[in-house]
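What follows is a short report on a single structure.
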Amino acid sequence: AAALPFLSALAQSGMTAAEQTTLAEQRVKLLGLCQSDTLPELTALPTTGVAAGFGRYLQGIRAFYLGDFAEAQSRFTALSQQAQPWLKETATYLLARVAINQAQANALDEYGFFDASKVDRAPLATAEQALDHYLAAYPQGLYAASAQGLYRRVYWLQDDGAKLAALYQQALQSTQVDEGLPLWNEIDLKLLANKTPATSPLFLLVQDLKRLRLH
């Protein structure tokens, strides 16, 4: 499933069957290794035509998985200027993901526990701008729903409770009650667990009710 959009884009790209096979094989080599520091080298990537762009995309995601954010940003910035539609849109979206991961790269310890004091907030402004740019260009795009959700991560990492609460209220208004449990869990962990009082009356009420349970 993770590789399917890439494979579908290959099939619609007009490149030769041999180029598609080479690129598909290289993409499959990366499956399941996004948390690994032993990613395989990508070999025999095409260097001409539209196939070269897909090869550079693979080099970009390999750098992204390795935490080489400068390299990933450089690759995706170049690809966001490509004529090939899937590459252009995907790279535009991934620029936001690169900045977010860069911001939180040192905030997770070896066991995966999060330390907010170690967030690098400088890339978060870049991430927000990248999300704005993506959604302006692709309001109904392939990653539009994901991009909207990533604003919440940006504001959480920035510790901006007011903006985060506003987005959660927006999300609740468009979420069916029987589908809202994951969202409420996120709200509980990311907003209501914060010792700072919520700015929204609804969330402030929930915080107060939670505190009353302690007495």
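Determine ³J(HN,Hα), in whole Hz, for all residues of segment 68-84 in sequence, where each value follows from phi through the Karplus function 6.51 cos²θ - 1.76 cosθ + 1.60 and θ = phi - 60°; x replaces Gly and Pro.
Couplings: 8, 6, 5, 5, 4, 4, 4, 5, 6, 4, 5, 5, 5, 9, 5, 7, 5 Hz.
Under the 0.36 nm per residue contour assumption, what length would be gained going from the current alpha-carbon distance of residue 16 and residue 114 to full extension?
Contour length minus the Cα-Cα distance gives 30.7 nm.
Would you calculate the separation in nanometres between label points at residue 173 and residue 142, each defined as 7 Å from the Cα along the Cα-to-beta-carbon direction?
Reported label-point gap for residue 173 and residue 142 is 3.1 nm.
Counting pairs of alpha carbon atoms under 8 Å apart in space and at least six apart in sequence, what relative contact order in percent does the chain give?
So the answer I get is 11 percent.
Lys pairs in the chain, Cα-Cα under 18 Å, at least 8 apart or on separate chains: how many?
Count of close lysine pairs: 5.
The numbers here are math on the coordinates, done by the rules we state, and not lab data. Keep in mind that what you see is a predicted model, and the values were worked out from it rather than measured. When we count neighbours, we look across all protein chains shown, and the Cβ atoms used for this are built from the backbone with ideal geometry, even at glycine.
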